[in-house]
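Please treat every number below as a calculation from the coordinates, not as lab data. Bear in mind that the values here come from a model prediction, so they are computed numbers and not experimental data. Glycine gets a Cβ as well: all are built from the backbone with ideal geometry, and neighbour counts include every protein chain shown.
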Amino acid sequence: MTVLAGKSVAISISDAPDRLRLGFPEREIERIVYSICMAVVRAGGRIFYAGDLRPTGYTFKIFRHLAGAYAAQGVTPFTHVVPQPALMRSKFDEWDLSLKEARNTAKTLLVIGDDVVAFRRAADGLLVGSAGEVPSLLIKDEAAFIAWQSSLPRVDDAVAFTIARKTVTVMTEARIAMGGKMGLLNNPNDHYRGAAPGIIEEVTLNLEAKKPCVLLGAFGGATRDAAIALGLLPAGHSVERGTQMPSYHDAVAKLGGLRNALPPSLRDRLATLADDDGSETLAAAVVAVIADWAQNASPPRSD
């Protein structure tokens, strides 16, 4: 099946603060992520992901999962997009490990200001800019990396995250969302640094651009609230939570104004997916909805 041939799909996936309250262990979330990534790639699609560098994070796990299946085929199905705030908080050794892990499986793009720059591991360091780009910069150690970071233009974190999210929206044809931070004030690990929670802003950008977007709301987090705001889940499916960052509610309300951006012919299927808690057919159904939405949105051919 190559229904996504030539299409790039962004995946907005992060842990949800209410995941355990909904009864999902981390291994179940990993299983869903893996199956969806495999389904997208087998359908001919490419995956864009703006993840972090932690060896235990979703980025590394997806790298490892896809590496064995596709590295030998010469396929690079994965693009790792790094917002400038994440770049500024990273270290040389982290990148050396990350880019080594990703070789033959993923390419990495840095969003610096309004520019998108290739980033890869060379034999003697880290290369900013692809081999064919002039000028390119070879960074050989931590001191040189820090000096390069210091030379970059300063951008406010909230602005930089929004720029990166807009960049990915332009570069992709569809998005799949799952989990996401909710800005719970009593949970420091759930605070977000952007002007809005990442997944809510990304879903909003996709719908404003009239691009397919599938919300897997059963697994909690901001995605569940997004599905409720868009009428794909009833309001009663909201999970009890404590006080949240004020911008969270504003972002969800803005998203709720985009209900009409969902194709009426696909609303029932999107609602089913929003409430699917991990059926064996979930990944295939996600791919099918994206393909049908994209087909319906395409202008008629004039053969």
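Run the numbers for VAL159 and ASP292: contour at 0.36 nm per residue of separation, minus the present Cα-Cα distance, in nm.
44.5 nm
If we count every other residue with Cβ under 12 angstrom of ALA274's Cβ, Lys/Arg +1 and Asp/Glu -1, where does the sum land?
For residues surrounding ALA274, the net value is -2.
Go ahead and estimate [θ] at 222 nm for the chain from helices alone: -39,500 (n - 2.57) per DSSP H run with n ≥ 4, summed, over the residue count, rounded to 500.
The helix contribution divided over the chain gives -12500 deg cm²/dmol.
How far is helix 142-151 tilted, in degrees, relative to the longest principal axis of the Cα atoms in the chain, given as a value from 0 to 90 rounded to the nearest 10?
70
Using Cβ contacts closer than 10 Å as the measure, can you line up THR79, THR223 from fewest to most?
Listing THR79, THR223 from fewest to most nearby Cβ atoms yields THR79, THR223.
In whole Hz and in residue order, list the ³J(HN,Hα) couplings for region 266-281 that follow from phi through the Karplus curve 6.51 cos²θ - 1.76 cosθ + 1.60, θ = phi - 60°; x for Gly and Pro.
For region 266-281, the Karplus curve yields 10, 4, 5, 5, 5, 5, 4, 5, 5, 10, 7, 9, x, 5, 5, 9 Hz.
Using the Cα centre of region 147-303 as the reference point, and only Cβ charges (+1 on K/R, -1 on D/E), how large is the resulting charge dipole? Debye, rounded to the nearest 20.
400
Which pairs break 22 Å Cα to Cα here: LYS210/LYS254; LYS100/LYS166; LYS7/LYS210; LYS181/LYS210; LYS61/LYS166?
LYS100/LYS166; LYS181/LYS210; LYS61/LYS166
Within region 254-292, whose backbone N sits under 16 Å from a point 7 Å along Cα→Cβ of SER238?
Flagged as within label range: 254-257.
I'd like to know which of GLY179, LEU273, ALA196 lies farthest towards the positive end of the charge dipole of region 153-303, counting +1 on Cβ of Lys and Arg and -1 on Cβ of Asp and Glu.
Value: ALA196.
State the extension gain, in nm to one decimal, for the chain segment bounded by ALA143 and GLU94, taking 0.36 nm per residue of separation less the distance between their alpha-carbons.
Length difference between fully extended and current span is 16.3 nm.
Over the chain, what is the mean sequence separation of C-alpha contacts under 8 Å (at least six apart), divided by residue count, expressed as relative contact order in percent?
Reported as a whole number, the value is 19 percent.
For region 183-303, with the dipole built from +1 on Lys and Arg beta-carbon atoms and -1 on Asp and Glu ones, taken about the Cα centre, which of ILE228, ALA288, LEU255 lies farthest toward the positive end?
The one lying farthest along the dipole's positive direction is LEU255.
From a point 7 Å beyond the Cα of GLU280 in the direction of its Cβ, which residues of region 11-34 have a backbone N at a distance under 16 Å?
From region 11-34, the list is 32.
Restricting things to Cα coordinates, could you compute the convex hull volume per residue of the chain in Å³?
Spread over its residues, the Cα hull of the chain gives 147 Å³ apiece.
Suppose R0 equals 51 Å. What FRET efficiency, 1/(1 + (r/R0)^6) with r the Cβ-Cβ distance, do GLU208 and SER136 give to the nearest 0.05?
Here the calculated transfer efficiency is 0.90.
Angle, helix 246-256 long axis vs. longest principal axis of the chain, Cα atoms, 0 to 90°, nearest 10?
60
Quick one: putting +1 on the C-beta of Lys and Arg, -1 on the C-beta of Asp and Glu, what dipole do you get for the chain around its Cα centre, in Debye to the nearest 20?
Rounded to the nearest 20 debye, it is 380 debye.
Using 0.36 nm per residue of separation minus the Cα-Cα distance, give me the extension gain between ALA122 and ARG31 in nm, one decimal.
Full extension from ALA122 to ARG31 adds 29.5 nm.
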